[in-house]
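Beneath this line is the structure, given in structure tokens, with notes to follow.
The values are calculated or read from the model by the stated rules, or taken from the named source; none is laboratory data. Please read all numbers here as calculations on a predicted model, not as lab measurements. Calculation scope for accessible area: heavy atoms of the full protein, side chains included, ligands and nucleic acids excluded. Shrake-Rupley method; radii C 1.70, N 1.55, O 1.52, S 1.80 Å.
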Amino acid sequence: ATTRNAIVVIAGLSIFIGLYLRMQQRKYELAIMRLMAASRWQLMATIMGEALLLSLIGSLLGLLFSRGILLAVHNYTVDNYQLSITIPHLHSSECWLIASSMFIAMLAAIIPAIQVYRIQVTKTLHHA
């Protein structure tokens, strides 16, 4: 359980760092969006939506990758040892894993989203 918790914390930190750096790189673009009448809430929703999308895509790719490895191991053991490995269907715990990764992504996106909310258009465009 300790290793699993550490992996979850590291994953959450990596999502936070990625979103934070991406927000810093896009500060000018976000200021222009504000200048073009995008509301602060729309910019926050954009950051939060990116976090959810990245989390969902990462989770689904992880599930596909794990199933691909299981299929390769299954084929190898059948060919070489005449042993069959059952490839499980989507388990409820995996659904909870996807949901928890999306929740962690939302938590990780809070600080970058707040910074986007507080963006000062004139200062950002002046220093660009």
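A compact table of results
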item	result
Per residue accessible area of segment 2-57, 1.4 Å probe, in Å²	67 Å²
Percent carbon-and-sulfur accessible area, the chain, ignoring ligands, DNA and RNA, probe 1.4 Å	70 percent
In Hz, Karplus ³J(HN,Hα) per residue of segment 38-48 (6.51, -1.76, 1.60; θ = phi - 60°; x = Gly, Pro)	6, 7, 4, 5, 5, 5, 4, 5, 5, 5, 5
Cα pair distances of segment 62-128 binned at 10 Å [whole percent]	17, 24, 19, 15, 13, 8, 4
Segment 7-128 - percent relative contact order, Cα under 8 Å, separation 6 or more	51 percent
P(r) tail fraction, the chain - alpha-carbon pairs more than 18 Å apart, %	63 percent
Alpha-carbon radius of gyration plus Dmax, which is the widest Cα pair, for segment 63-102 in Å	12.9, 40
